[in-house]
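The values are calculated or read from the model by the stated rules, or taken from the named source; none is laboratory data. Just so it is clear, the structure is predicted and the values come from calculations on it, not from any experiment. Using ideal geometry, Cβ is built from the backbone for each residue, glycine included, and neighbour counts are taken over all protein chains shown. Note: accessible area is taken over every heavy atom of the protein model, side chains too, but ligands, DNA and RNA are not part of it. Shrake-Rupley method; radii C 1.70, N 1.55, O 1.52, S 1.80 Å.
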Amino acid sequence: MLARSLQTLLAGLIDYAGLFPPASLSMEQALANYARYREGEHAWMLGRFVVPAARAAEVPEDVPASVIGVDEVKAETEEDVHRIGREANGRTVYVEITDIDLIEHISVHGLRAKIRTGGVTTDAFPSSNDIAHFLRKCASWGVAFKATAGLHHPVRCVRALTYEPNAPTGTMHGFVNVFMAAAILPRAEAILEDDDAGAFAFDDDTASWRGHAVLTEDLARLRDDFAISFGSCSFEEPVLDLKELGWL
């Protein structure tokens, strides 16, 4: 039976971004996949359908969407953040940044932060220290966050970076690592670096990493208010990996 803490950690966690690399599916394929996932056994893990603004009109109204360029935007400067804040009009907007000092300004407007955790080249992956710094900065300013890219697998691992034959390989951050690091911030760097699935344990009352535990009810609050979701071009890969680990 699925541990309650793991269900809490994974509920609604994966925003499906099948339109984006490395999957780069057609709209027809991506929407068909999303519809199938919504009806499937693991629909409880599924978040929003991620779509670029230019193609948002192609998404049926009954599909919960997150629109790149509207709901998820990029900012390079303080001025960018303040402009986004003025234009948000109370909407939930995630601001993708590389300069984490902008988190303070994101907080002023009640916006949320977004971190890019990978890509199709090795240099697109931030270090574990960078992710830990981002998580702590968000927590200190009361800013919720989501992650995007590179989190196809639950636990840190070396995998192919694209689906092409002879694709380059690289170390990919695990989504369980990232969200457990958000739950146990004092140990964030070590959690992010851990590639041993056996280091993580889940039961009804707690989720833990190497004996450092978080209560399930605290994890639920964390997911609701702080560690919101991650975008992935694959929903099936994370589910398959979780099954192979015996966690689902």
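Quick check: anything in region 186-195 open to solvent by 10 Å² or more (accessible area, probe 1.4 Å), under 26 Å from THR92 (Cα atoms), in contact with a helix residue (DSSP H, G or I) (Cβ under 9 Å, 6 or more places away or on another chain) and free of Cβ contacts under 8 Å to residues at least 40 places away in the same chain?
no
Output yes when any residue across region 76-91 is under 19 Å from the mean Cα position of the chain (by Cα) and open to solvent by less than 30 Å² (accessible area, probe 1.4 Å), and no when none is.
No, every residue in region 76-91 fails to be under 19 Å from the mean Cα position of the chain (by Cα) and open to solvent by less than 30 Å² (accessible area, probe 1.4 Å).
Does LYS146 satisfy the condition of being in contact with a Ser or Thr (Cβ under 7 Å, 6 or more places away or on another chain), part of a strand (DSSP E or B) and free of Cβ contacts under 8 Å to residues at least 60 places away in the same chain?
no
Among the helices (runs of 4 or more DSSP H) contained in region 1-120, which hold 3 or more residues that are modelled with pLDDT of 95 or more and either touching a strand residue (DSSP E or B) at 6+ places or on another chain (Cβ under 7 Å) or basic (Lys, Arg) (or both)? Write out each step before concluding.
Details: elements: 4-10, 27-39, 78-88, 103-108.
Per the criteria, 4-10, 27-39, 78-88.
Given (1) free of Cβ contacts under 8 Å to residues at least 40 places away in the same chain; (2) open to solvent by less than 10 Å² (accessible area, probe 1.4 Å); (3) assigned to a loop (DSSP other than H, G, I, E, B), where does ASN166 come up short, assuming only one miss?
(2)
Conditions (1) open to solvent by 20 Å² or more (accessible area, probe 1.4 Å); (2) part of a helix (DSSP H, G or I); (3) at pLDDT 95 or above, marked per residue:
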position	(1), (2), (3)
ASP123	yes, yes, no
ASP130	yes, yes, yes
ALA139	yes, yes, yes
PRO154	no, no, yes
THR162	yes, no, no
ALA182	no, yes, yes
ALA207	no, no, yes
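Going by the structure shown, is ASP15 touching a Ser or Thr at 6+ places or on another chain (Cβ under 8 Å), free of Cβ contacts under 8 Å to residues at least 24 places away in the same chain and closer than 24 Å to VAL178 by Cβ?
no
Only residues that are open to solvent by 10 Å² or more (accessible area, probe 1.4 Å), small (Gly, Ala, Ser) and either under 19 Å from LYS74 (Cα atoms) or under 15 Å from the mean Cα position of the chain (by Cα) (or both): list them for region 18-53, please.
Hits for region 18-53 are GLY47, ALA53.
Can you pull out every residue in region 216-230 that is open to solvent by less than 20 Å² (accessible area, probe 1.4 Å) and over 21 Å from ALA17 (Cα atoms)?
THR216, LEU219
Considering (1) open to solvent by 20 Å² or more (accessible area, probe 1.4 Å); (2) over 15 Å from the mean Cα position of the chain (by Cα), say which one ARG112 fails and leave the rest.
Only one criterion in (1) open to solvent by 20 Å² or more (accessible area, probe 1.4 Å); (2) over 15 Å from the mean Cα position of the chain (by Cα) is unmet by ARG112, namely (2).
Looking at (1) open to solvent by less than 50 Å² (accessible area, probe 1.4 Å); (2) touching a strand residue (DSSP E or B) at 6+ places or on another chain (Cβ under 9 Å); (3) at pLDDT 95 or above, which one does CYS233 not meet, given that it meets all the others?
Failing condition for CYS233: (3).
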